[in-house]
Amino acid sequence: MNMAVAGEADAITIIADKSQITTVNATTDSDDDKVSSISQMDSDDDKVSGNNKYIHDDLSFYILSKLPIKSLKRFGCVRKSWSILFENPNFMTMFRKHFIISSNNDDDDDSGHTFLLIHHPEMDLYRAQLHLLPRDQTFKNTLKLNLPPPFHDDDVNINILCSTSVNGIFCLNQYYRGGDANKVRFVLWNPATNEFVVLPPSPDESEPRPPDLSSYHSFHGFGYDKVRDDIKVFQYVTLDYYDYNNCPPITFDPMFVIYSLRTNSWRIIDIDMPYWLCSSAYQGLEVYSDGMCHWVAKHHTGEKCLLSFDLSEEVFFITPMDENSDFSHSTRYHLVVLNGSIALISNHESADTIFQISILGELRVRESWIKLFIIGPIPSFDWRPIGVGKEGYIFFRKKDDELAWVDLSTQIVEEIGVKGEEMNCNIGTYKESLLPIEGLNN
């Protein structure tokens, strides 16, 4: 039997000899159509010659291991053995292998890079440096990028939102601009063209305010609106007024504000936000992927979840955490994008050298979290990861401050050759583009 697997994960064709021809074509069909086709394949025993009445599990598992989690969950109704795929160690071994191979194949593009944003102490200030790592993912022969002019005289407290570029564009943000805790600066920057756009002040900054009114920027997001061909930046702002005459603080309604590059302006969105968030690139609680931003959030009841925001529809989605996870009661999470999938690195306080990686198959479906990797024990690693690089390696800071990555397929650890202090280094991905920033909204 010859087998050909199409380029897209959802397109699979099995080709046998003339007496055994069965096809599962998923290129244009919906998931329901795919399930129906496979069910028909099982029921039409008379179409299969020989003693075998259906494709053997070894072959079907190999094919299924190349599909996304969402499709696999839906195929569970086809056959009993398919309903417990993620409990089958042989299938999980194949699925992990193909997951890693697919990640490495996607990284062959020379326009993609791993970036390292690191703050070095200098005269009690932590000055930002941005580097692109070479293909071997070490600090040797890195390319240092000069930050855009707005940061030439003030390069402290700088973040890269969502730890990635979008259409070749970084969104840099800076807290405590000019020493003012109420001010945040946002700059869109394309390193390949050196073009940058400084965003205007957000509504909480531009309106007159009492001197004792303080603003807190709880979380941010940045990404691409595919429907409107627009770059958007947003933040959640809370305002508190403190009277130093021992009067109780006055709390104002929070604001969810969003910036559009197309209009070069901010606007306030009326959205109920029952979740508390506190995110930055260094805390690892925010990511962007395929038109949506995601955060690890906490409800006022204490329940944790994945909070997602669709940049085109401007609506939120809630995905509960996996109750069956070994680390369901852990308070330590790190959110990343791994091979195009939302992934959660978690760690139990009682086993701080072991890390679990779970992949989300479908938004809003608690049961679609799949525990895919267990890393460790690695006694030398500090708990919090610092990001995921171009090759799919997970980067950590070691307890001696050396930065290192771990290969998921081998669990081999390699130091990259530079030190970084806690909460002062961040790894992410950057893909070059020569498209001008302003060209996006023309």
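Laid out as a table, the results:
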{"item": "Stretch gain in nm, segment Asp212-Arg228, where the contour uses 0.36 nm per residue and the Cα spacing is subtracted", "result": "1.8 nm"}
{"item": "Kirkwood estimate for segment 133-173, i.e. one over the average of 1/r between Cα atoms, Å", "result": "12.1"}
{"item": "In nm, spacing of pseudo-spin labels at Glu415 and Ser265 (7 Å Cα→C-beta vector)", "result": "5.5"}
{"item": "Stretchable slack from Lys80 to Val365, in nm (0.36 nm times residue separation minus alpha-carbon distance)", "result": "100.5 nm"}
{"item": "Alpha-carbon spread of segment 358-436, three principal axes, descending order, Å", "result": "45, 39, 25"}
{"item": "Among 158-164, 147-153, the order from most to least packed when residues are scored by Cβ within 10 Å on average", "result": "158-164, 147-153"}
{"item": "Nearest-20 debye value, segment 70-179 charge dipole, Cβ charges on Lys, Arg, Asp, Glu", "result": "920"}
{"item": "Pairwise centroid distance, computed over Cα atoms, of segment 354-409 with segment 127-158, Å", "result": "24"}
{"item": "Peptide ranges 380-389, 399-408 listed from the most packed, as the mean C-beta count within 10 angstrom indicates", "result": "380-389, 399-408"}
{"item": "Label-point gap, in nm, between Asp240 and Val198 - each point 7 angstrom along Cα→Cβ", "result": "3.0"}
{"item": "Inter-label distance, nm, simple model (7 Å from Cα along the C-beta direction), Trp383/Lys140", "result": "3.4"}
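Each value in this text was obtained by applying a stated rule to the coordinates, not by laboratory testing. Please read these numbers as outputs of a predicted model, since none were measured by experiment. All Cβ positions, even for glycine, are placed from backbone atoms using ideal geometry, and neighbour counts span all protein chains on display.
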